[in-house]
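This report concerns only the one structure given below.
The values are calculated or read from the model by the stated rules, or taken from the named source; none is laboratory data. Since this is a predicted model, take the numbers as computed values, not measurements. When we count neighbours, we look across all protein chains shown, and the Cβ atoms used for this are built from the backbone with ideal geometry, even at glycine. Accessible surface areas use protein heavy atoms only, side chains included; no ligands, DNA or RNA. Shrake-Rupley method; radii C 1.70, N 1.55, O 1.52, S 1.80 Å.
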Amino acid sequence: MGLSTAQGKEAGRVPLPLTSRHDTWWIRPLVTLLVLGTFVIYATWRGLENQFYEVGPYLSPFYSPLLPIRLDIAGWAISPAVYIILFPLSFRLTCYYYRLAYYRAFFWDPPACAVQELAARKHYTGERQFPFVLQNIHRFAFYIAVIFIFILSYDAIRAFFFNGQFGIAVGSLIFLINVVLLALYTFSCHSFRHLIGGRINCYSCTLRNRTRYSIWQRVSQLNERHGLFAWASLIAVGLTDLYVRLVASGAIHDVRFF
């Protein structure tokens, strides 16, 4: 349990209010706040910019798939990224790991172990009331995320072909790394782990169940690094979009190796 400021003073020195902890517990939620906040601001700006998202064989992951749909409101063209990014975003924002991250960083609910919340709650409802009840769509959003892995895999393959000829460039490698990290993040998900090994009473009873158990073990090994894949894939997808924008706007040139 966290101690109040007064209790902490009685115990000795207090580095920050609402706790008697003396370590730098506040660094992790602060870094999460900065990284997630920066990504949200950047992704929002890029989604509304509606330009510099395609150049050569490269298509920004924020705009993929490039749907032939044009929506206009009062003469203003709605960016396709606005209604595309909602689908992978629904998977990422409801992810169990990200819930822990932004509950602590943005809501301070609580900000860390043994650190008191900013305000005492009269009633605790968990994720049973709006808007947090929407977190329960995570298991369904997983299936949509898998579809996007196939879409982005196609984009990664296309990034190796220039005017119909196979080639390798900096952008090609960036797209490849991006889809690999996204796949690791998606398939290390708790929902996929449950889909593979859940709802089985006996793993050894049949060959099918033994096979599922073997796959479940491997997915569980990936799941241990789910937090790492979450951050790495978040940064990768942002950098991939940024690279496409810089090349498309003429700020930099794509370097070809082959």
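Quick notes on this one:
- Taking packing as the residue-averaged number of other Cβ atoms within 10 angstrom, the listed peptides 217-223, 252-258 run from highest to lowest as 217-223, 252-258.
- Under-5 Å amide H pairs with L59, H placed in peptide plane, nonlocal only: none
- Building the convex hull from the alpha-carbon atoms of the chain and averaging its projection over directions returns 20.5 nm².
- Whole-number percent relative contact order across segment 162-235, with pairs defined as alpha carbons under 8 Å at least 6 apart: 39 percent
- Accessible area of the chain belonging to carbon and sulfur atoms, whole % at 1.4 Å probe: 66 percent
- Isolated Cys residues of the chain, judged by Cβ distance under 4.7 Å to other cysteines: C95, C113, C189
- Peptides 95-107, 202-214 ranked from most to least packed by the mean count of surrounding Cβ atoms within 10 Å: 95-107, 202-214.
- Relative contact order [Cα under 8 Å, 6+ residues apart], the chain, whole percent: 22 percent
- Heavy-atom surface of the chain, accessible at 1.4 Å and reported per residue (Å²): 60 Å²
- When each of the peptides 192-199, 163-170 is scored by how many other beta carbons lie within 10 Å of its residues on average, the order from highest to lowest is 192-199, 163-170.
- In segment 76-230, a dipole from Cβ-located charges (positive for Lys and Arg, negative for Asp and Glu) runs towards its positive end, and of A114, G164, V219 it is V219 whose Cα lies farthest in that direction.
- Computed from backbone phi with θ = phi - 60° and the Karplus coefficients 6.51, -1.76 and 1.60, the 3J(HN,Hα) list for segment 96-103 is 4, 5, 5, 4, 4, 5, 7, 4 Hz; x is used for glycine and proline.
- Debye, to nearest 20: dipole size of the chain, +1 on Lys, Arg Cβ, -1 on Asp, Glu Cβ: 900 debye
- Each of F187, T125, F142 was placed along the dipole of segment 113-193 (beta-carbon charges, centred on the mean Cα), and the one lying farthest toward the positive end is T125.
- In sequence order, segment 193-198 has phi-based couplings of 4, 5, 4, 6, x, x Hz under the Karplus curve 6.51 cos²θ - 1.76 cosθ + 1.60, θ = phi - 60°, and Gly or Pro positions carry x.
- Amide hydrogen proximity for C189: with H placed 1.01 Å from N in the peptide plane, no residue at 5 or more positions away or on another chain lies under 5 Å.
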